1. If you take the residues in region A:102-124 that are of a type in the set (Gly, Ala, Ser) and facing chain B (nearest Cβ under 9 Å), which one is nearest to A:LEU253 (Cα to Cα)?
2. Quick test of your reading of the structure: A:ASN20 fulfils all but one of (1) within 14 Å of chain B (Cβ to nearest Cβ); (2) surrounded by fewer than 20 Cβ atoms within 10 Å (Cβ to Cβ). Name the failing condition by number.
3. If I ask for residues that are part of a loop (DSSP other than H, G, I, E, B), hydrophobic (A, V, I, L, M, F, W, C) and open to solvent by less than 20 Å² (accessible area, probe 1.4 Å), which ones from region A:131-182 would you list?
4. Quick check on region B:26-33. Is at least one of its residues more than 14 Å from every other protein chain (Cβ to nearest Cβ), in contact (Cβ under 8 Å) with a residue 12 or more places away in the chain and either surrounded by fewer than 24 Cβ atoms within 10 Å (Cβ to Cβ) or of a type outside the set (S, T, N, Q) (or both)?
5. When you look at B:PRO21, is it within 14 Å of chain A (Cβ to nearest Cβ) and either touching a helix residue (DSSP H, G or I) at 6+ places or on another chain (Cβ under 9 Å) or more than 16 Å from B:CYS82 (Cα to Cα) (or both), yes or no?
6. Taking region A:125-145 on its own, how many of its residues are under 30 Å from A:ILE291 (Cβ atoms) and either at the interface with chain B (Cβ under 10 Å from one of its Cβ atoms) or among the small types (Gly, Ala, Ser) (or both)?
7. Which of the residues spanning region A:1-33 are in contact with an Asp or Glu (Cβ under 6 Å, 6 or more places away or on another chain) and more than 24 Å from B:CYS509 (Cα to Cα)?
Amino acid sequence: MSEQVQVLVAGSFPDRLNTNTALRRYLVEGFREVLGVAAVAEASLETLLPELQRHRPKLLLCLGSCPPEVVNYQPVRAACDALGTHLAFWLHDDPYEFDLAYSATDVADTIFSNDGWAVLHYDHPRAFHLPMAASVKAHERPWRDDKERDVFFCGVAFANRIAIVCDLAPRLARCRTEILGTDWPAELPFAHNRRMPNSELADACAASTVTLSLGRNLHFANRRYQLDPSTPGPRTFEAAMAGTVQLHFADSLEITDYFADGEGVLLFDDPRNFATQLDALLGDPGYARRIAEAGQARARRDHTYARRAEVILQRCGMAPAVTASAAAVAVG
Amino acid sequence: MTANTARPWRILLLDTKRSNPNHYLCIALREALAAHPQVACVVAAGYGEAVHRAQAEGCNLFIAFDGEEMHRETCARLAAVCGRSLLWVTEDPYELGVNVANGALFDLVFSNDSASLARYCAKGRHLPLAASPLLHQLEVRADGDCRYDLFFAGTAWPNRVALLKQMMGELDGIKLKLALPHNEHLPKPDLPLPPSSYSWRTPNNQFVRFANASRVVLSLHRVFSAAADGAPMAATPGPRLFEVALAGGFQLVDLSLDETRRYFDEGREFIGFNNDGEAIEQLRHYLAHPDERIAIARAAQAKALALHTYAQRAEVLLAEAAALPERPAAPASAPRRLRVLQVTHNIVGVPPYGGVEVYQDMMAKQLAAEVECYFYVPDRSVDGSICRLYVQDADGYREIEALRFAGPSTQDALTCPERERAFAGLLGKYGIEVVHFQHFIGHVPSLPYIARALGVATMMSLHDYYPVCSQFNLIGYDGRFCHAETRSEAECDICLRHIRQAQPGSQACRRAFFGRLLQHIDVLQANTSEVVDRYRAIFPALAAHPHFEAMGVPSTDLSRQAVPPTVAKPLRVALIGNFSHNKGGEMLFDVFEALRDDPVRFEIFGSVEAVLAHRVAALNLPNVIWHGGYTPGTLAERLDGIGLSLHSSIWPETYCLALSEAWQAGLVPLVADIGALGLRVEEGVNGFKYPHDRPGALVDRLRQLIAEPERVLAAQANIHAGLWTSLPEHGRWLAALYASLAARSAPTALLAEAAQHGAAPTLADCGVVLNYPLWRRTATPIPQPATALPALHHRAIGYLRRHGAAATARRMAHELRRRLRARLGA
């Protein structure tokens, strides 16, 4: 037994199905930055029970989503009860999988949701909003003058994204644009259906003057309240950390809570407005650099997994003090 | 629970709409009610838990919110449980016809629309929607901080699109933010903008932020009705008027809705217009005069905060509720029998049947004077697409209804909306007060959630380990007891892959479902404390279950004086019950063979399992007598002269009725030391034991008892009625339990009327959403050994002998379909 471990960070669903295990690593690093390396351990859901018994942590944080076809948290709850461990979940697929959250709310002492609108709808006495973040180690990149692309985006071609990109296409076609991901229509000459692992995304963003920030409208289990997303996803924070300018389609203004106007992120509402801002950025690399570096500084200051770890510890009664910026994002 | 006089209200709040993108309105009301000084508690619950929680929390006021998609039966029960009931509808006049019909279930109806009020007659009240400081209050922005000139969000009705287009034409350079969701029933918006710029969605918390970040927010009304009898337009403004005001937005409002002036002062708190030209002029003016605009926004915000939040609406609701006359106590009804529905896999008389069927039959007869028992049973002669409802009367089981479903049942299913709705219909139609789940085979296990949603109390008898594993005897793929409580899910995955071609994670899914399900059943009954302990080890949350009781099941009263056992040689040993693998069949062949020349004779009272039948014939054992099956109640006299009974199960039986029957007949049991057998028999006192998985030890033990018959006689002297559960004792216990559960069930007086409208809730409506309706998803098949076909062949022959050609043909067809479906992964 390692007596030093205070926090065990685990997957909330099996790693064999989880394409986002990197997020757990980032969070482990964040906790270690706050508490020290020896105080934090990591486990997959598959190894969670023995690791829980081995480390006997004060806090177990399960990160991910909770599809009921593969998870059974009752033994985890029982083990936490026996050990006196606080059981928290950070659910990062809200609102797209909101209807499945009962698996976690049944057993959790504390719930964190990545989405500010979804969290309001939780039937749980301790549900808090906690946006995703970025990892300094994994995502921070120095500014590059030798940009390989003018505009970059990587992601699944959800219907809303296709609509936006198609409307932007006349302008995008006139600069060095690269859109990657899956399901992009063949008629977009700059789009390629090729996946890019998270480990390469930061480099790609850093090599691009502008990275598009486009929301998602594909829901897997969101029938009950048909919630629309409010909070930007992890890619927004990761791209900011990588030192790119993000042009964010303004379907929510919550992003301005995380990045002030011109602080790494510029909002656009339509193709004309997009083109104006893109022209300004491409026409003045110094301007682009100032915006990108401001965003990177903000991300480094307020949107790392270490800042999120502080909020988690405070909400779970394990930390007396939290930085002001960390507290600011913890909208309960 | 008595109400506190200072804080008298204990409120059950239900959003009637099962899929409601405007649920935030209900959340806003919940917060306002909870903050009201006269409210002790607000229980906001969905359909699955509403009745249960209203009862548990002693709620005395039921508020139904929204009105759409109402399940009338649940609401009728909630109204009866709480005593006073209010309905606040939010979609008048568009849903007026349905709302008026639903309003009959409530004491008062509050309509969002003043023009709809007359349709509700005396019980109608007008109550506009409002805003919430929690969700909507924002600082009024300085002009320079605004991001947009004009913001409009609303469905792209043609009248709205036309005005927006005109504004864009006349105010060159205006910075617009438009959200115009449209659908296939509307013409595509004719705007000089690409669709992505106006076709987007945002949640309500961001809607108010866009309003707050815009200099002007345009308010336009719709001309539309989804209901045939609805008026074309609401007279009362919707919630956005109040939300934008509280968010510090300046509103330019279409005055076709005159009632806007009732809530805000025109010219001081909002600016109105009567036509498109006026709208454009006002827009131009206020964009040019930010101070005037900001002053109006501030005044509107102050008015909204003072008069148009949910706190003020809650005040109205509670004042009206307080003014309701006391509801007269319901007249005492004449004594009658309780109506209990037995949900089970089979009934006595439909072969093959076993202990569960015998038990439920006995109890129904035992309690006939107090309980009217209905039986809900899958028809096993078909593929499970039919369930039959029987009532037990003097003539036996009388079918009163057959329910036909679109598809066959499968033991892999966790949910089936069609079956769930049909079940809810039965509960209402027959006024069921208690549901007793005997077994889920042939049913979807979601049914207890449906009973709970309707406020019908539930009980489950855990006759085996079906909730723990689809292998309900806990015999693993190696043919042995698996000690389920010590197995990891990975071990279960491997076992279930071999047995059922299940993908990894299947057991986790099933356990999570059943573990949660068991917590939602009012009473759990297991036959022994060992079963309770095993269930708690596997489902730890059951440690907190309020009523999980061990009570043995009774066996048929043999009504016979025990005859002194004969221990003369050869020693006669009875095996009571079906001769099967689970009862140690394979192992017993070795024992019979080993004792072929010893002074012992085994007499088997029960059918031989098909897969073992060929071995019986092949071995030609001179020391074994195969008596075949027996009718319950006829066994006693056939046991005369027999000294020992042998109970050789290889799984942890949960009680073992055969043991009770053996004791009652004066036989001394020799049992496998596992499960209830090991628990109930005291070694050397009232029976004997051997290690369940060691046939050699059983041979040794039998030889010892043959050699020392006085030990058998001594044990026989210690047999007494306290060793088994008596029928009268169990009957008294069950009758009392049914009565207490029926007292918990929500009143059913309004059922006959209420049940006629509104789709019954499904599992998903109860908040349990599954990505897949099945717990088992099919993995790549494991190649089967060449012996599989002969085994099937022998099973078919055995079935033919027992059930005849027609039944065998049906059974083979069913099996072929099942295997084909499994192969296809259906």
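1. Residues of region A:102-124 of a type in the set (Gly, Ala, Ser): A:103-104, A:108, A:113, A:116, A:118.
From what's left, facing chain B (nearest Cβ under 9 Å): A:103, A:116, A:118.
On the way: A:SER103: 31, A:GLY116: 12, A:ALA118: 15 Å.
Among them, the one singled out is A:GLY116.
2. Answer for A:ASN20: the failing condition is (1).
3. Step one: filter region A:131-182 for residues part of a loop (DSSP other than H, G, I, E, B), giving A:131-133, A:135, A:140-148, A:157-158, A:173-176.
With hydrophobic (A, V, I, L, M, F, W, C) added as a condition, the list becomes A:132-133, A:143, A:157-158, A:173, A:175.
Listed by number, the residues that qualify are A:MET132, A:ALA133, A:ALA157.
4. Applying the first criterion (more than 14 Å from every other protein chain (Cβ to nearest Cβ)) to region B:26-33 yields B:32-33.
If we keep only those that are in contact (Cβ under 8 Å) with a residue 12 or more places away in the chain as well, we get B:32-33.
Filter once more, keeping what is either surrounded by fewer than 24 Cβ atoms within 10 Å (Cβ to Cβ) or of a type outside the set (S, T, N, Q) (or both): B:32-33.
So far as region B:26-33 goes, yes, one or more of its residues are more than 14 Å from every other protein chain (Cβ to nearest Cβ), in contact (Cβ under 8 Å) with a residue 12 or more places away in the chain and either surrounded by fewer than 24 Cβ atoms within 10 Å (Cβ to Cβ) or of a type outside the set (S, T, N, Q) (or both).
5. Working: within 14 Å of chain A (Cβ to nearest Cβ): yes; either touching a helix residue (DSSP H, G or I) at 6+ places or on another chain (Cβ under 9 Å) or more than 16 Å from B:CYS82 (Cα to Cα) (or both): yes.
Answer is yes for this residue.
6. Step one: of region A:125-145, the residues under 30 Å from A:ILE291 (Cβ atoms) are A:129-145.
Filter again for either at the interface with chain B (Cβ under 10 Å from one of its Cβ atoms) or among the small types (Gly, Ala, Ser) (or both), leaving A:133-135, A:138.
Matching residues across region A:125-145 total 4.
7. A:VAL28 - this is the single residue of region A:1-33 that is in contact with an Asp or Glu (Cβ under 6 Å, 6 or more places away or on another chain) and more than 24 Å from B:CYS509 (Cα to Cα).
Yes/no matrix, rows are residues, columns are (1) over 25 Å from B:CYS492 (Cα atoms); (2) open to solvent by 10 Å² or more (accessible area, probe 1.4 Å); (3) within 17 Å of the chain's Cα centre (by Cα):
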{"site": "B:GLY515", "(1), (2), (3)": "no, no, yes"}
{"site": "B:ILE521", "(1), (2), (3)": "yes, no, yes"}
{"site": "B:GLN525", "(1), (2), (3)": "yes, no, no"}
{"site": "B:ASP533", "(1), (2), (3)": "no, yes, no"}
{"site": "B:ALA537", "(1), (2), (3)": "no, yes, no"}
{"site": "B:PRO540", "(1), (2), (3)": "no, yes, no"}
{"site": "B:HIS545", "(1), (2), (3)": "yes, yes, yes"}
{"site": "B:ALA550", "(1), (2), (3)": "yes, yes, no"}
{"site": "B:PRO554", "(1), (2), (3)": "yes, no, no"}
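The values are calculated or read from the model by the stated rules, or taken from the named source; none is laboratory data. Remember, predicted model here, so these are calculated numbers, not experimental data. Note: ideal-geometry Cβ built from the backbone for every residue, glycine included; neighbour counts use all protein chains shown. Side chains included, ligands, DNA and RNA excluded: accessible areas come from the protein's heavy atoms. Shrake-Rupley method; radii C 1.70, N 1.55, O 1.52, S 1.80 Å.
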